[in-house]
Each structure stands twice: as structure tokens, then as C-alpha cells.
Amino acid sequence: MTILRTTMLGLLAAIPLAAGLAACSPLMAINALSSGSASQVTRGLAYGPLPRQKLDVYAPKTRSGPVPVVVFFYGGNWTTGERADYAFVGHALAARGYLAVIADYRLYPDVHYPEILQDTARAVAWAAMESSRHGGDPARLFVLGHSAGAYNAAMVALDASLLARHGMRPHDLRGWIGLAGPYDFLPIENTTTRPVFFYPDTPASSQPIHHVTAEAPPALLIAPLPGQDKLVNPQRNTGGLAKALRALHRPVTEIYFDHVGHATLVATLAAPLHKLAPTLDAISAFIDANSGTADAILSETALPASIALPTRSPGAATPAPELHADDKTPAP
């Protein structure tokens, strides 16, 4: 979160009218600059009995019927994070016509892997059972996450045992979206991350890349261009997971954006920072493309003109990421 806050401060300095908010935390400032006029917010709903098992719902004020549901999980290296800090994500999704669910989850040191993921699955199950009360269509359910939250989203979408506890399966998701996610990060070198996963006794099953099957729901993987994310290696993580999904003929779209880094990628969902990268446009195109059938794929022609997919031949696999001994495990 330190890097996120430092980077956000630099961005806010360049936004007109933001100078008066400089004394606020960067996330508070971005929330203050993000219009919530299109959303109706219900806060503090419990999806479990524990204090951290709560979520907020952002519903479009104007809708003609049930709308797709998107459950969002924030990053913070599984040690920090508050749902209120990501109100801008809820407002952005609601403004596009989706029901957004922003969920807290228990963090280290109170819990470790896999308890963190059990909260993730429980929040998704809540959305499947309760979102219709808020105008959502649980038959069009998506999960979205950034950094550590993208890991959470990947695991709930790929590891069938997590949703099985709630009578669900990954195929019940219409798709999942990962922003700068860590999907293949062993051996763990980050000292903050290590105890979360019991390093050096971290099980291989903790890695999303080992849960790819022919049942995986459609995926949209977005990351900064290789070399621009200093925390999570885009080639190894986004590129590697996309290659694994593609090898089993699963629908996957990977997009790499310039002018953003690890922290600023999620910030581009906020209205004042849309111009940095069309992240929200890509997410909207993916949700719309996969809301009709459960096994759709986002094609290049379905993307806004401002978005370019990685250069490769149609249907070709992403080149295998080159691994180096000095690759660092991310601090999501």
C-alpha cells in the first residue's frame, strides 16, 4: 500500500482541482473526485459472522431489469485493505450498468492461506444468492480483482474446491478479470508475503497456474507492459497464466497497457484517471461479451478502438515467459 499511496499522490498532483485534496490519503482523494451520482450504495452487508466478512453494494440508479454482477477484491499483499477505499471501483462499475460488490476479507496475521480464499468464495456465494435483492442477475456473475485481489479472483475461478463448499462451481461464473495479478510466484522472496503462505512450506496448490482445467471460465487478464510493473512480473504471471489457459482451449484475453504501473492500473478505473488507460472499457467489453453465453470469448473486434491486444497471430499461444534467478515474488 505504501507504493500505491506514493504513486497516487504523484498522479493526483497532475489532476486539476486536486490540490485541495493533497492532505487526504490518495485513495480518499480519488474517491472524492469520483462521481457517485449514477450509483445507489448499500453499505456494511454481512456475508459471514465475522467483523471482516462484510461488503458494500453499488447498484445503478437507472436500470430496466436485472444487471450483471461483479464482485471486486482489492490488493494489499493480503495484509492491508478496506472496502471503503475502493468506492471509486463500485461507482465506475455501477455507472456502466453493473451491480458492483466490494468485499472485505480477513487478512494476515489474523488468518493465512487458505482462510483468505474461503472468505473470497463466501463473498461470491453471497452475491450468487443475494444480489437479486439489489437488482443484480446472479446468472451473470463475474469476479474482478487487482494484485492480491486478482489472485483471490483467480483462485475462486480456477480452484473448484473453494466454491464447492457453497454448492457452486467455477462454471457458475460467466468470467473473471485479473488486474496485475500474481498467479505463479514460487519461490516466495518477499518477506511480507512469506508468512501468509507458510513459506518455505508453501504448497504448490496455492498457485493459480496449477488449477487451470478445461472447466475454467472465460478470463480477461490485464497488466502493465512488461518492464513497467516492478512488483509482479507480467510475462511470468499474466502471460504464463494466459498460455496455460490457452493450452487447454479456454477463452482468455490478455491486454497490456502502457503509461501505467502496478498500482496505477486499478486507479484508471476512477473517472479522473480514465485517460491513462482504457481499463474500464476493456472490462465492460468483456462483461458484455460474456453476458450472453457462459463460454463466450472477447474478440479483438469487440474491444474499443483504443485498446490493442498483444501482437501475435490469431489463436497463437503467448510466448513462454523467460524466467530468471533474480525474478522477485510480487508484493501485491
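The values are calculated or read from the model by the stated rules, or taken from the named source; none is laboratory data. Small disclaimer: the values here were computed from a predicted structure and weren't measured. All Cβ positions, glycine included, derive from the backbone under ideal geometry; neighbour counts span all protein chains shown. Quick note on the areas: whole protein, heavy atoms, side chains included, nothing else; ligands and nucleic acids left out. Shrake-Rupley method; radii C 1.70, N 1.55, O 1.52, S 1.80 Å.
Results, tabulated for the structure shown:
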quantity: Odd one out for Tyr86 among (1) open to solvent by less than 10 Å² (accessible area, probe 1.4 Å); (2) assigned to a loop (DSSP other than H, G, I, E, B); (3) among the hydroxyl-bearing types (Ser, Thr, Tyr); calculated: (2)
quantity: Failed item, numbered, when Ile209 is tested on (1) part of a helix (DSSP H, G or I); (2) in contact (Cβ under 8 Å) with a residue 40 or more places away in the chain; (3) within 28 Å of Thr279 (Cα to Cα); calculated: (2)
quantity: Tabulated pairs, the range 50-69, first farther than 17 Å from Ala139 by Cα and assigned to a strand (DSSP E or B), second open to solvent by less than 80 Å² (accessible area, probe 1.4 Å) and of a type in the set (Phe, Trp, Tyr), C-beta under 6 angstrom, 6+ apart or interchain; calculated: Leu55/Tyr47
quantity: Criterion violated by His274 - all others in (1) of a type outside the set (Ser, Thr, Tyr); (2) at pLDDT 55 or above; (3) within 20 Å of Gly181 (Cβ to Cβ) satisfied; calculated: (3)
quantity: Residue in the range 133-156 that is acidic (Asp, Glu), modelled with pLDDT of 95 or more and open to solvent by 50 Å² or more (accessible area, probe 1.4 Å) present; calculated: no
quantity: Matching option when the condition is on the phi > 0 side of the Ramachandran plot and open to solvent by less than 60 Å² (accessible area, probe 1.4 Å), among Gly227, Gly239; calculated: Gly227
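One line per residue, one yes/no per condition, for (1) of a type in the set (A, V, I, L, M); (2) over 15 Å from Ser147 (Cα atoms); (3) in contact with a Ser or Thr (Cβ under 8 Å, 6 or more places away or on another chain):
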| site | (1), (2), (3) |
| --- | --- |
| Val212 | yes, yes, no |
| Glu215 | no, yes, no |
| Leu220 | yes, no, yes |
| Ala223 | yes, no, yes |
| Leu231 | yes, no, yes |
| His259 | no, yes, no |
| Leu269 | yes, no, yes |
